[in-house]
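Q: I am attaching a structure below and will ask some questions about it afterwards.
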Amino acid sequence: MSDRYLAFANSSTGRRLVGALGLPAPVRLERWMAGRVRPIDGALLFGGEGDLVKAIQPFASKLTDQLFAARDGQFDLPRWTAEHGPKLKALVFDASHLTRFEQLIELRDFFQPAFKGLANSPRVVVLGRAPESLKDPVAASVQRSLEGFTRSLGKEIRRGGSVQLLYVGKGGDQQLEGALRFFLSPKSAYVSGQVLRLGACGEQVKDWTRPLAGKKALVTGASRGIGASIAEVLARDGAEVVLLDVPQAADALQALAARLGGRAVTLDICADDAPQRLVEALPDGLDIVVHNAGITRDKTLAKMSDAFWNSVIDVNLKAPQVLTQALLDADKLHDNGRVVLIASISGIAGNMGQTNYAVSKAGVIGLAQAWAPALAKKGISINAVAPGFIETQMTAAIPLGIREAGRRMNSMSQGGLPQDVAEAVAWFAQPGSGAVTAQVLRVCGQSLLGA
Ligand code: NAD
């Protein structure tokens, strides 16, 4: 499972050779460590002239104590210059005021000098207004053009950096703290080139050291891989966790549940009595449901058997739908609950030999979009996280050539870790993240597949 090339490229010999031959040069990504308090370990530079940045001011000093502005007098912050300022760990550019094509040059004017002063693993967030919310076609086009800008910048930033675009709608400015704590910190280490829309949400995180305190979470497929990491990160953030997996995985599941102070439920999610048994296992109901259990049975369509096709659809797509319906019917999903489905970039881009899997994962994205309006009436959000190449037993089983291609074909030239998916899930699970629903967040290092 280990990425030997990443280790080699970061050794002293490897660095020279990789540079001389022009090979991919992955850097070791910074990741969130338990016990850390400040999201940004270094300087944060603000730019742009929109109004949204005003909503950040009240909590900006909780992100980092090194705040700078691109212009004199902006937000009463010291001015940063490439010549005299410290290295930049994070940039926030408020582009919400851009309504004319001539103003787009402001992007170049801000980012060109700022990019000369970047520290390692820099994080960039561009803020805008959703094009569909604007009546003026030019303004809508200008705001839409930010997608091309941020995605291109994601491919240029290198050194383990990331760039995202947040379209902030009505009330969404009140939930910027949670979003920025995720996107400006190492929690989003393997997320780049993403575009999300933030709306209003009545809930707020009360304690940022334990944002999920008092919440009960169910994670399916939690005995190993990504599911185990999701359970771990949700528990770290204060949730009480219920871990579910097949009976064959009972030992690993119980050991992890015990370590996390949670509970283990052994159940095949495709069994006929799974909905009833799940409901019975949750007398007090739930706040967070993570549909993570999944399988692959790869074959080209020409060689695809009934069994391969059906088993993948049953586990990855049918079970999340049936179990979500059962939890709702039994009134087990609390108001303001959070549902997260684990999709895949395969469900976005398609993948050779994975028609069955891509059907199931595209279908999961469809579930998030289809359920969202009805669930919103109870304050429940439902989103999909679409991982790219993540280092797990599932991807260790891929033949070497395809595995290496999967690892390198992204802006970070490496695979992600289960923790990277787990951090995204944990952000979606937060009280304030009701601001995001019916959306897909890729955790793929900005993979070229389906870009
Ligand atoms: P994994 O095989 O390591 O873990 C999957 C878990 O799901 C296992 O513990 C398994 O026992 C459980 N499971 C399978 N069928 C089940 C059933 N019928 N009932 C209950 N539990 C069941 O896989 P992983 O790599 O950790 O993947 C987790 C999720 O992420 C899956 O949905 C997968 O499709 C998705 N994903 C993974 C990657 C990757 O690169 N690893 C990429 C994209 C998406």
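What follows draws every value from the coordinates through simple rules; no lab data is involved. Model, not experiment: these values are computed from the prediction. Here the Cβ positions follow ideal geometry from the backbone for every residue, glycine too, while neighbour counts run over all protein chains shown.
Q: What are the DSSP H helices in the chain that stretch 18 Å or more along their long axis, judged by alpha-carbon atoms, and whose average Kyte-Doolittle hydropathy comes to at least -1.0?
A: 137-156, 355-376
Q: Most exposed first by the Cβ proxy, i.e. fewest other Cβ within 10 Å, how do 190, 167 rank?
A: Working: 190 32, 167 23.
Arranged by neighbour count, lowest to highest, 190, 167 become 167, 190.
Q: Assign one of three labels to the chain, namely rounded, prolate or oblate, based on the Cα gyration tensor with a ≥ b ≥ c the square roots of its eigenvalues; rounded applies when a/c is under 1.5, prolate when it is not and a/b is larger than b/c, and oblate otherwise.
A: Cα axes put the chain in the prolate bin.
Q: When Lys and Arg each count +1 and Asp and Glu each count -1, what net charge do the other residues less than 11 Å away from residue 70, Cβ to Cβ, add up to?
A: Within the 11 Å Cβ shell, the charges total -3.
Q: In debye, nearest 20, what is the charge dipole magnitude of region 214-441 about its Cα centre with +1 on Lys and Arg Cβ and -1 on Asp and Glu Cβ, if you could check?
A: 500
Q: Label residue 155 and residue 325 with points 7 Å out from Cα along Cα→Cβ: what is the distance between them in nm?
A: In this crude label model, residue 155 to residue 325 measures out at 4.2 nm.
Q: I would also like to ask the following. On a full-extension model of 0.36 nm per residue, what is the gain between residue 136 and residue 108, subtracting their alpha-carbon distance, rounded to one decimal in nm?
A: My answer for the length gained is 7.7 nm.
Q: Classify region 33-196 from the C-alpha gyration tensor, please: rounded if a/c falls under 1.5, else prolate or oblate depending on whether a/b exceeds b/c. Let's see the in-between values first.
A: Details: a/c = 1.42, a/b = 1.34, b/c = 1.07.
Rounded.
Q: OK, next. For each pair in 87/155; 89/155; 62/378; 215/361; 89/116, compute the distance between the two Cα atoms and list the pairs where it is over 23 Å. Please report the intermediate quantities before stating the final value.
A: On the way: 87/155 20 Å; 89/155 17 Å; 62/378 31 Å; 215/361 27 Å; 89/116 12 Å.
With Cα atoms farther than 23 Å apart: 62/378; 215/361.
Q: Modelled label-to-label distance, residue 49 and residue 74, 7 Å Cα→beta-carbon offset: nm?
A: 1.1
Q: Where does region 214-441 land on Rg(C-alpha)/(2.2 N^0.38 Å)?
A: Details: Rg = 16.6 Å, N = 228, 2.2 N^0.38 = 17.3 Å.
Cα-based Rg divided by the globular estimate yields 0.96.
Q: Still on this structure, I have one more. Any idea how far apart residue 34 and residue 17 come out in nm if each label point goes 7 Å out from Cα toward Cβ?
A: About 3.7 nm, to one decimal.
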